[in-house]
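What follows is a set of notes on a single structure, which appears directly below.
The values are calculated or read from the model by the stated rules, or taken from the named source; none is laboratory data. All figures in this text were calculated on a predicted structure; none of them were measured in a lab. So basically every Cβ, Gly included, is an ideal-geometry build from the backbone, and we count neighbours across all protein chains shown.
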Amino acid sequence: MDPLPDGLVVVVKRDCATCEMVVPVLDVLHRDHALAIITQDDPTFPAIEGTIHDADLSLSWRSDIETVPTLLRRVDGEEVSRTVGWDRSQWEAITGVEHLGIELPDQRPGCGSLSVDPDRADELSARFGTSTTTSRHVAFAELEDEFEAMFDRGWSDGLPLVPPTPERVERMLAATHLSATDIIAIIPPNLVEATVEKVAINAVMAGCKPAYLPVVIAGLQTVCNDEFNMHGVLATTMGVGPILIVNGPIRTELGMNSGMNVLGQGNRANSTIGRAVQLCVRNLGGGRPGEIDRATHGQPGKLGLCFSEDEEGSPWTSLSESRGFDPRTSTVTAFCGEAPRIIFDQMSRSAEALTKSLALSMLANVHPRIIGMDTTLVLCPEHMARFRGAGWDRERFLTELRSHLDLEVDSILRGVDGIDEGIPTGLGLEGAVLPKFNNGGILVVHAGGQAGLFSSVIGGWVSGSMGSVPVTKEIVR
Amino acid sequence: MTLTVLDPTDETTPQVRGRTERPESLTGLTVGLLDISKPRGNVFLDQVQHRLEGLGASVIRYTKPTFAKPAPPDLRHEISTRCDAVIEALAD
């Protein structure tokens, strides 16, 4: 549509009492002073010949109209004066006409312009604004169902996706100080440079709110590095995937769940942040099941498993603090893990008894005879109460726990008791005692509902530089 | 009105490369055997090496540092420059 004409211009809408009130003035100015009238909603309002209907609101948006009526004067394509609402002295000054609307009150405020209506502003910004996005636009056919279309294009993890329209992506991008073109990670297996824009598109599809984007970005950064080894995590036939644990103030700001059903469904941030990271791995990195992802079984958490620690309810330092971060810093920790498994203990009443009981259950991690794979223990509040009562801190607990996690090699050798799995013979380890978990190989997080004597343990994969190392990154906002 | 969305993929098209032509005979060729470091991969490759040498090929053995990560670029480069063919072995 052409830009606004030179001379006097007014922008109005019918759904505005002030606009209705000034119609007699508009009539006079149109007749005697060539006032151009632009109407936003009803093309028959005002009933003055020559009124321009700004149906797509492009004129209003491009002219930064925030209030109706807005009266302005343009000379040689430049705006030289503007007033909003009805103010006789202002209207007289701009038009140079005296005694305007003498029957009207001196002043009356206007109404909001349709072009700044919260329901429309993002759409208009995406359509008419200086878009920061450079991704290819994919237009679905008229008869195509958009949800089916996204499945058909292979973008989905098996669940419906939110269509990543330019407006939604713009809204998502507004949540970060980063530029849309900034590269935030190199995503395996195809080693693709992930721009903030591409991550934002996948975050929209996952169902994230814009405020979650910094967590998604940090989450991707925790898995896309040589230590976490996302390529190997994908390629292994073992059913492991990235498990993201959020610490710090952002947990409460985003309303993340660290309480009841913490490892389950029902919280938007928990459910969509992990999903967004996995969609990036799929759609950008090319890590798709049946291709590079070779998992025999996989596990439900590969749709995206993200949760936060209950820091407020814990007497201990948080997971993040134990890994060297300030408690005021928000972080994501990525752990390569299988599905959570429950540790049932409703009888232990002392810290010592519960520790032994937890250790016994953890000896079965992956397999009772496999050692050296890491684990994440999610301690529930009622179990934590035993350690709080005993005055144990995180370090004391880990020391006590580890003391019950040593294994006599002779009992876990291959072939013992007719079981072939185990520690290889012939390595000279006979008679030795080895720890189930390597030093630093047990992450402990406090989370869960206030009632219930069920902690959970999440088994890991090949640990250390030969496999995957847990990685913690700061969430930068 | 049709709906327009932004492409969530990396928007690249994989480069398609043809396979190296299969040699008619292994006599005089150098075959690389890459052990990915899974248990007993060496047992399998010992047999393969024995069979290949019986066909007149010479064999160079390679090992990945860990089965859990891709082969390092230097190792891939060395195999591609020193060998006429390669067999990658998984075992367990």
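Candidates are the residues of the stretch A:307-332 that are of a type in the set (Phe, Trp, Tyr) and either out of contact with any Lys or Arg (no Cβ under 9 Å at 6 or more places or on another chain) or outside any loop (DSSP other than H, G, I, E, B) (or both); the one that is surrounded by the fewest Cβ atoms within 10 Å (Cβ to Cβ) is A:325.
Of all residues in the stretch A:44-52, at least one satisfies being closer than 16 Å to residue A:3 by Cα, in the same structural domain as residue A:22 (by TED's automatic domain parsing), crowded, with 16+ Cβ neighbours inside 10 Å and under 43 Å from the mean Cα position of the chain (by Cα). Looking only at the stretch A:195-214, decide whether some residue is surrounded by fewer than 17 Cβ atoms within 10 Å (Cβ to Cβ), free of Cβ contacts under 8 Å to residues at least 60 places away in the same chain and of a type in the set (Val, Ile, Thr). Scanning the stretch A:195-214 turns up no residue that is surrounded by fewer than 17 Cβ atoms within 10 Å (Cβ to Cβ), free of Cβ contacts under 8 Å to residues at least 60 places away in the same chain and of a type in the set (Val, Ile, Thr).
Could you check the stretch B:43-72 and list, in sequence order, the residues that are over 25 Å from residue A:292 (Cβ atoms) and free of Cβ contacts under 8 Å to residues at least 12 places away in the same chain?
Answer for the stretch B:43-72, where residues must be over 25 Å from residue A:292 (Cβ atoms) and free of Cβ contacts under 8 Å to residues at least 12 places away in the same chain: B:46, B:47, B:50, B:51, B:53, B:54.
Every listed requirement among (1) within 14 Å of chain B (Cβ to nearest Cβ); (2) modelled with pLDDT of 95 or more is met by residue A:272 save one, (1).
One residue stands out among those in the stretch B:56-71 that are touching a strand residue (DSSP E or B) at 6+ places or on another chain (Cβ under 9 Å) and more than 22 Å from residue A:426 (Cβ to Cβ): the one that is farthest from the other protein chains (Cβ to nearest Cβ), which is B:58. Out of everything in the stretch A:277-294 that is under 18 Å from residue A:207 (Cβ atoms) and touching a strand residue (DSSP E or B) at 6+ places or on another chain (Cβ under 7 Å), what residue ends up being farthest from the other protein chains (Cβ to nearest Cβ)? Step by step, filter the stretch A:277-294, then rank; the result is A:277.
Considering only residues in the stretch B:1-41 that are under 23 Å from the mean Cα position of the chain (by Cα) and within 11 Å of chain A (Cβ to nearest Cβ), the one that is nearest to residue B:76 (Cα to Cα) turns out to be B:36.
Among the residues of the stretch A:143-184, the one identified as part of a strand (DSSP E or B) and either within 11 Å of chain B (Cβ to nearest Cβ) or farther than 13 Å from residue B:10 by Cα (or both) is A:184.
Could we say that residue B:8 is surrounded by 15 or more Cβ atoms within 10 Å (Cβ to Cβ) and out of contact with any Lys or Arg (no Cβ under 6 Å at 6 or more places or on another chain) here?
Yes, satisfied.
Only one entry of A:115, A:125, A:135, A:131 meets the criterion of being more than 14 Å from chain B (Cβ to nearest Cβ) and closer than 22 Å to residue A:199 by Cα, and that entry is A:125. Of the strands (runs of 3 or more DSSP E) lying entirely inside the stretch A:396-459, those containing at least 2 residues that are in contact (Cβ under 8 Å) with a residue 40 or more places away in the chain span A:433-435, A:442-446, A:454-459.
Which residue out of A:304, A:248 is among the small types (Gly, Ala, Ser), at pLDDT 95 or above, closer than 25 Å to residue A:185 by Cα and in contact with a Ser or Thr (Cβ under 6 Å, 6 or more places away or on another chain)?
A:248
Per the conditions (1) away from chain A (no Cβ under 14 Å); (2) more than 29 Å from residue A:284 (Cα to Cα); (3) not basic (Lys, Arg), the sole criterion not satisfied by residue B:74 is (2). When the stretch A:109-130 is filtered for residues that are surrounded by fewer than 16 Cβ atoms within 10 Å (Cβ to Cβ) and assigned to a loop (DSSP other than H, G, I, E, B), the ones remaining, listed by number, are A:109, A:117, A:129, A:130.
Does the stretch A:185-201 hold any residues that are in a helix (DSSP H, G or I) and either within 19 Å of residue A:225 (Cβ to Cβ) or among the aliphatic types (A, V, I, L, M) (or both), and which are they?
A:196, A:198, A:199, A:200, A:201
Modelled with pLDDT under 95, in the same structural domain as residue A:16 (by TED's automatic domain parsing) and part of a strand (DSSP E or B): does that describe residue A:98? No.
Figure legend. Inter-residue proximity from the stretch A:346-362: first residues under 15 Å from residue A:444 (Cα atoms), second residues aromatic (Phe, Trp, Tyr) and part of a loop (DSSP other than H, G, I, E, B), beta-carbon distance below 9 Å, spacing 6+ or different chains. Indicated pairs: A:355/A:392; A:362/A:437. Scanning the stretch A:1-13 for residues that are touching a helix residue (DSSP H, G or I) at 6+ places or on another chain (Cβ under 8 Å) and buried (at least 17 other Cβ atoms within 10 Å of the Cβ), we see that the one that is farthest from residue A:70 (Cα to Cα) is A:4.
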